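**Q** Mind having a look at this structure? Questions to follow.
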Amino acid sequence: MINGRLYRGQWGIAGEPGHYRVVPEGRPCGCGNRGCWEQYASGSALVAEARELARRSPGAAVRLLQLGGGSAEGISGPGVTQAAREGDVAALRCFEIVGRWLGQGLAALAAILDPACFVIGGGVSDAGDLLIGPARAAFADGLTGGAYRTRAEIRLAELGADAGVIGAADLARRPES
Ligand SMILES: [Zn+2]
């Protein structure tokens, strides 16, 4: 939102920072490119980290594997969140990694847009402070001139996982906005 209005870009496809490339030749993305930010800072990124960890070091991921029904492929986002809430070190580590990617990317966005507030939605936002905590720390670390500027707020979307679909419906209702 810029000056209270949705910024749509010249061709209507602005606001896709998730497809900003953060890792050259990184994880494949549904958009056809590789290394997009959303492959590292999202609910599916959280699951990817947890599954990778469970495959690499099953001994360190006992609780994650248990919640996944015994296999790395069975590990889900809510499972990682549950394990982290129980204090599971491996699950907390996954949130640390994904939160760090999120905060670093927000710092890069702040260098371009200098917004007052970032609102985080999507399924992974259900995890709340488990994600936002590490994101805020990484944002503060990565912010250009961080010691000399007001820090943008990082908040959770009130509509949580439904924010995207409700926003799309609202946009269809008000095409001129
Ligand atoms: Zn992409």
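A short reminder: the numbers here are calculations on the coordinates, not readings from a lab. Everything numeric here is computed off the predicted structure, so don't read it as measured data. Note: ideal-geometry Cβ built from the backbone for every residue, glycine included; neighbour counts use all protein chains shown.
**Q** Tell me the residue from Ala41, Ala14 that is out of contact with any His (no Cβ under 9 Å at 6 or more places or on another chain), surrounded by fewer than 15 Cβ atoms within 10 Å (Cβ to Cβ) and closer than 16 Å to Leu109 by Cα, please.
**A** Answer to the selection: Ala14.
**Q** For Gln10, indicate whether it is more than 13 Å from the chain's Cα centre (by Cα), more than 16 Å from the ligand (Cβ to nearest atom) and part of a helix (DSSP H, G or I).
**A** When the stated conditions are applied, Gln10 does not pass them.
**Q** Name the one entry in Gly103, Gly79 that is out of contact with any Leu (no Cβ under 6 Å at 6 or more places or on another chain) and under 19 Å from Glu49 (Cα atoms).
**A** Only one candidate passes the filter, namely Gly103.
**Q** Test of understanding: among Ala61, Ala48, which residue is surrounded by 14 or more Cβ atoms within 10 Å (Cβ to Cβ) and within 15 Å of the ligand (Cβ to nearest atom)?
**A** Matching residue, one of Ala61, Ala48: Ala48.
**Q** Would you point out the residue of the stretch 123-176, among those that are loosely packed, with under 14 Cβ neighbours inside 10 Å and touching a strand residue (DSSP E or B) at 6+ places or on another chain (Cβ under 7 Å), that is farthest from Val47 (Cα to Cα)?
**A** Only one residue tops the list, namely Glu153.
Listed here are the residues, each with its yes/no results for (1) closer than 30 Å to Tyr148 by Cα; (2) touching a Cys at 6+ places or on another chain (Cβ under 8 Å); (3) of a type in the set (A, V, I, L, M, F, W, C).
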| residue | (1), (2), (3) |
| --- | --- |
| His19 | yes, yes, no |
| Val47 | no, no, yes |
| Leu65 | no, no, yes |
| Cys94 | no, no, yes |
| Gly99 | yes, no, no |
| Phe118 | yes, no, yes |
| Ser125 | yes, no, no |
| Leu130 | yes, no, yes |
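**Q** Still on this model: Specify the residue that is nearest to the ligand (Cβ to nearest atom); the eligible residues are those in the stretch 13-45 that are under 18 Å from Leu102 (Cβ atoms) and of a type in the set (S, T, N, Q).
**A** Step one: list which residues in the stretch 13-45 are under 18 Å from Leu102 (Cβ atoms), which gives 15-23, 26-27, 29, 35-45.
Then keep just the ones that are of a type in the set (S, T, N, Q); that gives 39, 42, 44.
Numbers: Gln39: 7, Ser42: 11, Ser44: 12 Å.
Restricting to residues being under 18 Å from Leu102 (Cβ atoms) and of a type in the set (S, T, N, Q), the top hit is Gln39.
**Q** Residue pairs, Cβ under 7 Å, 6 or more apart or interchain, first in the stretch 4-20 and without any contact (Cβ under 8 Å) to a residue 12 or more places away in the chain and on the phi < 0 side of the Ramachandran plot, second part of a loop (DSSP other than H, G, I, E, B) and of a type in the set (Phe, Trp, Tyr). List them.
**A** Ala14/Tyr7
**Q** A follow-up question, please. Among the residues of the stretch 78-92, which ones are buried (at least 20 other Cβ atoms within 10 Å of the Cβ) and either in a helix (DSSP H, G or I) or touching a His at 6+ places or on another chain (Cβ under 9 Å) (or both)?
**A** Matches in the stretch 78-92: Gly79, Val80, Thr81, Ala83, Ala84, Ala90, Ala91.
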